[in-house]
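The values are calculated or read from the model by the stated rules, or taken from the named source; none is laboratory data. The structure presented is a predicted model; accordingly, all values stated were derived computationally and were not measured. Counting neighbours? That spans all protein chains shown, and the Cβs are built from the backbone with ideal geometry, glycine included.
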Amino acid sequence: MTSVILAILAFVSIALFGWVIAEVKGNVCNYNATEEEKEAEANAKKNLLKDGYWHEMNIKDVIKTISTKGFDAV
């Protein structure tokens, strides 16, 4: 019985330790996009809006655009 309790305590302590490491890493290591990345994202957004892909497709749209014929679709 005590070995089960010790195992549970060990798992909980390892989980808490991992959680603390993840929280500290998230607060310390910040990512800042460069100007080149921001420009590429803006160009991608502009192209998506131009081509008409600005909305999410629902299941009916997906069924219209996918092929379920396998190799015969090519």
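Kindly indicate whether Asn27 is loosely packed, with under 10 Cβ neighbours inside 10 Å, assigned to a helix (DSSP H, G or I) and either in contact with a helix residue (DSSP H, G or I) (Cβ under 9 Å, 6 or more places away or on another chain) or at pLDDT 85 or above (or both).
Values: loosely packed, with under 10 Cβ neighbours inside 10 Å: yes; assigned to a helix (DSSP H, G or I): yes; either in contact with a helix residue (DSSP H, G or I) (Cβ under 9 Å, 6 or more places away or on another chain) or at pLDDT 85 or above (or both): yes.
Against the criterion (loosely packed, with under 10 Cβ neighbours inside 10 Å, assigned to a helix (DSSP H, G or I) and either in contact with a helix residue (DSSP H, G or I) (Cβ under 9 Å, 6 or more places away or on another chain) or at pLDDT 85 or above (or both)), Asn27 qualifies.
Considering only region 2-21, state which residues are hydroxyl-bearing (Ser, Thr, Tyr) and either surrounded by 10 or more Cβ atoms within 10 Å (Cβ to Cβ) or under 31 Å from the mean Cα position of the chain (by Cα) (or both).
Filtering region 2-21 for residues hydroxyl-bearing (Ser, Thr, Tyr) gives 2-3, 13.
Of everything in region 2-21, just one residue is hydroxyl-bearing (Ser, Thr, Tyr) and either surrounded by 10 or more Cβ atoms within 10 Å (Cβ to Cβ) or under 31 Å from the mean Cα position of the chain (by Cα) (or both), namely Ser13.
List, please: which pairs have Cβ atoms under 8 Å, are six or more places apart or on different chains, and start with a residue in region 53-67 that is within 28 Å of Asn43 (Cα to Cα) and end with one that is among the acidic types (Asp, Glu) and modelled with pLDDT of 75 or more?
Listed by first residue and then by second, the contacts come to nothing, as the list is empty.
Within region 45-74, which residues are acidic (Asp, Glu) and either part of a helix (DSSP H, G or I) or at pLDDT below 65 (or both)? If you could, list the steps in order and put the result at the bottom.
Step one: of region 45-74, the residues acidic (Asp, Glu) are 51, 56, 61, 72.
Scanning region 45-74 gives Asp51, Asp61, Asp72.
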